[in-house]
Amino acid sequence: MTEASISKSLNSTAYRIYRILEWLVEKPLTLTEINLKFKADPLIGKVVSSDSILLYMNTLKAIGCEIQRPSPKNSFHYMLLYHPFGMTLTGQHIQLLIKVKSYVQTMLGHTEMLNLDCFLKKLLNFSTIKQKDSLQSELFEKSRSLDYGKFPHHIAMLENCCKSGETLLIMAYESPLKGREVFHFLPELLFYEQGVLYIRGEREEFDLTSNLRVDRIADLKVVKQVKLLRTLQDRKKELTQVEIQLFCLKKENHSHTALRAEHGVYHESSEWINTADEGYYHINLAVRDFFYLKQFLLSTPYVYKIVRPTFFLADLQMSLETVKAYYEKSSESC
Amino acid sequence: MRNLLSPVEDKPPALSHDKTLSTSALRVLMVLKWLTENQVMSLQNLRNNLIEYAYLNRTCSDETILKYINTLKVLGCKIHREQKDPLTDSSVCYRLESNPFPLVLSHADVLIAQRLLTILGQHTDQGLVSAYQQFLKGLSWSLSNEQAVFSEGASCDHFFEIPDSQHSRKQAGEFQQYCQQSFNLELQYQDENNSQILTCQVEPYDLIERKHQWYLLALDILSNRQKILPLAQILSVNQLPSKNKRKIVPVHVLFSLYGRLASSYRLYPGEKILFKGRQELHIKSSVLETDSIMQRLLKYGVNCQILAPQSLRQLVKKRIEQKMLFLGTRQES
């Protein structure tokens, strides 16, 4: 078809309006930029008046587009805020996405989770739903997870620090109980748990590893304090040997990997010895962070013995005694 | 949810000769909008829509609609004419092959979408994986065909392929049906030690998923007690002619949280805050079975106490006493 014959079978105004929409989907444009594109288009080939552009914009608005008018605030650009040619997402679709997100977030690493969040946000933004912000909040709230879209700088910086293992930071942290704290921190590992992104690392004033919520980090800066860096690096290597006998009734069906997965015990350096005849697993662990191990031992339905270290045994005993005391009272007196 | 998802209003003010916009262009774009929403539309439906549309208010010939379609084709929209019956014009349809303003996914987006499918395919029930697969198929209509990720050897078919069905997923699907049908079941299952095979008759209620393992929540007809059986332990099922007589009643668990946990706790589905102090939080949770919540709350240690029901408090106490028996007391150690 020649250009002349195309022009005859074409609604030229519709053509121009469609092209404007296509261009605005890509990026905001000024009046001059739109006209430059018109001139470059083989089927238009000329500039049009600002009144015509206004007519085109009004037509776009009539089909449901939301377009911000040029103003000093947006550097005199036409900005497309919404168009009705996206994907139709129903309530069922949203519930499905919430269900899927909730389900997989215990199984994905932090990078995958952040990628998933980006993907889901992209889907919501592409949909024909107008209240995208409220829907996005609902998606995160109902899947019990936080939106880390606001923290790309902090996350990228922490990822780099974890990779190098040589970067000491000074961190301003919003503690829920103590308010803003400022301290030196050596990041070790970013990890995602129950919808929350944490950074594990060594804190100057604490002997044990700290797990901090990334969304509570107010500020981060790299500092050069070689002596402190070395101290914290050395401290990171101070692992405590732990021996546990876990009495597990299910002998055949439970491989140690299944048991580990079932109870979320994560220790790369752990060794599980199946002493099936005696009815327990002998677990050797090299532990720096007792927090998760203690949580596992408190919640597991199985009974166990702590062979060593004694301080951990005493800590666990004390916790169990305190908890037991709660339940000695009748519920009326609680 | 209904408010958030209410469709975009399609009814502009009745201005058939509005000078501030191009009505003919508007009609072309409305045709595209309707095709985007429906993907396929008959010529007749398009005509009716245009007549009903407030900006037009007059009849519209088939030639005019054809001109609109041609304009859209020149613009690059892939629209195909279909006619089921070559003798009747009423069977003419137009199909929009893909979204004119496609969604562009990054490589990371495609990988994560695929990863979800793999995970769901391996672990969850057939219903969820099928729904997600359907969703992706719907999404594929809106994707750009020239996406690098698909031209790098990974076809769309591969992208939407469900991994091999796992036995557990099939089994979960079957048991979900049993629960929906509400017929009593006779089960043969292995006991916890895998040492003997037991038989029981149950009223099946629901499937529960814990740490990616499926369990049947049922009522043992003989003992009249709730039973939670791992699907992996069930060897055979026989559906009985009698139906469930009782309905499952949710248990209301009341618990308190203390200290830092109280100030940073995020509610789980079905939980409500009853009291909020500076360092104390009282929460009510409605659950179908109490094992999962007990296990979760116990991990909070001294920062949590179950306040009600009394039966659950007794169970917690018993479990702690068992643990202490093995661990010994502090004096002994």
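The values are calculated or read from the model by the stated rules, or taken from the named source; none is laboratory data. Treat the numbers as computed from the prediction; the structure is a model and nothing was measured. Here Cβ is always computed from backbone atoms with ideal geometry, including for glycine, and neighbour counts include all displayed protein chains. For accessibility, only protein heavy atoms count, side chains too; no ligands or nucleic acids. Shrake-Rupley method; radii C 1.70, N 1.55, O 1.52, S 1.80 Å.
Some notes on this structure:
- Amide N of segment A:163-200 lying under 18 Å from the label point, which is placed 7 angstrom from the Cα of B:R278 along Cα→Cβ: A:175-180
- Since only A:P28, A:M57, A:I44 are under comparison, the one whose Cα sits farthest along the positive direction of the charge dipole of segment A:18-68, derived from C-beta charges on Lys, Arg, Asp and Glu, is A:I44.
- Amide H contacts under 5 Å for B:T290: none, restricted to partners 5 or more places along the chain or on a different chain, H placed in the peptide plane at 1.01 Å from N.
- For the peptide A:316-322, the mean number of other protein chain Cβ atoms found within 10 angstrom of a residue's Cβ is 6.
- Averaged over A:130-141, number of beta-carbon atoms from partner chains that fall within 10 Å: 2
- To put it simply, the accessible area of chain A at a 1.4 Å probe is 53 percent carbon and sulfur.
- Exposure of A:Y198 as accessible area (Å², to 10), given a probe of 1.4 Å and all protein chains: 50
- Chain lengthening between B:H107 and B:L267 when straightened (0.36 nm per residue, less Cα-Cα): 54.2 nm
- Accessible area of chain A divided out per residue, in Å², using a probe of 1.4 angstrom: 48
- Dipole axis of segment A:147-197 (+1 Lys, Arg; -1 Asp, Glu on Cβ), positive-most option in A:P176, A:H154, A:L190: A:P176
- In chain A, the longest principal axis of the Cα atoms and the axis of helix A:91-104 are about 40 degrees apart.
- Computed label-point distance, nm, for sites A:S50 and A:F291 using a 7 Å Cα→Cβ extension: 5.9
- Sparsely packed loop sites in segment A:113-214 (the trypsin sites (Lys or Arg not before Pro) outside DSSP H, G, I, E and B with at most 14 other Cβ atoms within 10 Å) comprise A:K178.
- Simple spin-label estimate for B:I248 and B:E192 in nanometres, 7 Å along Cα-Cβ: 2.1
- Distance in nm between pseudo-label sites at B:I51 and B:K73 (7 Å out along the Cβ direction from Cα): 2.5
- Relative contact order, whole percent, for segment B:265-333 stands at 16, derived from Cα pairs under 8 Å and 6 or more residues apart.
- Candidate cross-link partners of B:K84 among the lysines, defined by an alpha-carbon separation under 23 Å and a same-chain spacing of 8 or more, comprise B:K67, B:K73.
- Taking the square roots of five times each eigenvalue of the Cα gyration tensor of segment B:193-323, the equivalent ellipsoid has semi-axes of 33, 16, 13 Å, listed largest first.
- Segment A:D234..A:N74, full-extension length gain: 52.4 nm, with 0.36 nm per residue of separation and the alpha-carbon distance subtracted.
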